[in-house]
Amino acid sequence: MESEKFGDFLIAVFDEWIRNDVGKTFIMNFEWALNTWIGESAPVCIFARQCEI
């Protein structure tokens, strides 16, 4: 149940960020995931299709 509450919290923060704060407030994981979703290169390995060393 705690993991579900944490997931709900992240969704609420993400929704608030999308509506009001994109470009004003940097939230690392949201920015990087969004960057990859729009087709830009992944700034960190975790969001890349393949990690390169």
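What follows is calculated from the coordinates using simple rules that are stated; it is not laboratory data. As the structure is a prediction and not an experimental result, all values here were calculated from the model. For neighbour counting, all protein chains shown are included, and Cβ atoms are generated from backbone atoms with ideal geometry for every residue, glycine included.
Some values worked out for this structure:
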{"item": "Degrees separating the helix 28-37 axis from the principal Cα axis of the chain, which is the longest one", "result": "60"}
{"item": "Net dipole in debye of the chain [+1 Lys, Arg Cβ; -1 Asp, Glu Cβ; about Cα centre; nearest 20]", "result": "140"}
{"item": "Matching label, Rg/Rh (Cα atoms, Kirkwood Rh) computed from the structure shown, candidates (i) 1.00; (ii) 1.05; (iii) 0.91", "result": "(ii)"}
{"item": "In degrees, nearest ten, helix 2-16 long axis to first principal axis of the chain (Cα)", "result": "80"}
